[in-house]
Amino acid sequence: VQLQASGGGLVQVGDSLRLSCAASRDISAYTVGWFRQTPGQEREFVAALSWNGGTTDYAASVKGRFTISRDNAENTVHLQMNTLQPEDTAVYYCAALLGTSSRYLYAGAWNFWGQGTQVTVSS
């Protein structure tokens, strides 16, 4: 599976941004997620959505502000980010995991990655 992330950009504090991730083929059997990374830091879990759409999980730092969604008909995944803060500044990566994994919080558990899209929140 090839993943293509898009939608990043430069925004102001409090603004919203919607990231998209297009998959090269059917990902309905995959758990999908978003991670983010800043220079010198490990890739950090942001959000995940189960293959059947029944379960979501978010990092505590984004819960209530970010929403992950998927459109299996279009093979796309979205991350709606509201009330953005400077600490949200990072490169955001979409990812896909075949089935499920109890280790989904860890980047090493994911099978496929997009190329990343930069989000910069300016104060």
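Using Cα pairs closer than 8 Å and at least 6 residues apart in sequence, work out the relative contact order for the chain, in percent. Please report the intermediate quantities before stating the final value.
On the way: 312 pairs, mean separation 44.6, N = 123.
36 percent.
Length gain on complete extension for the stretch A29 to N111, per 0.36 nm per residue less the alpha carbon to alpha carbon distance?
Numbers: separation 82, 0.36 × 82 = 29.52 nm, distance 1.25 nm.
Here the segment from A29 to N111 would lengthen by 28.3 nm.
Looking at region 52-107, what % of the alpha carbon pairs are farther apart than 15 Å?
57 percent
Do any chymotrypsin sites (Phe, Trp or Tyr not before Pro) in region 1-107 lie in a DSSP loop with no more than 15 other beta carbon atoms within 10 Å, and if so, which?
On the way: sites: Y30, W34, F35, F45, W51, Y58, F66, Y92, Y93, Y104, Y106; in loops: W51, Y104, Y106.
Counting only loop positions with at most 15 other Cβ atoms within 10 Å, the chymotrypsin sites (Phe, Trp or Tyr not before Pro) in region 1-107 are Y106.
Out of region 1-47, which trypsin sites (Lys or Arg not before Pro) are coil in DSSP terms and have no more than 14 other C-beta atoms within 10 Å? Before the final figure, lay out the partial values.
Working: sites: R18, R25, R36, R43; in loops: R25, R43.
Hits after loop and neighbour filter: R25.
Rule-based calculations on the coordinates, nothing more; no lab input. The shown structure was predicted, so the numbers you read here are calculated from the model rather than taken from an experiment. Virtual Cβ from ideal backbone geometry, glycine too; neighbours counted across all protein chains shown.
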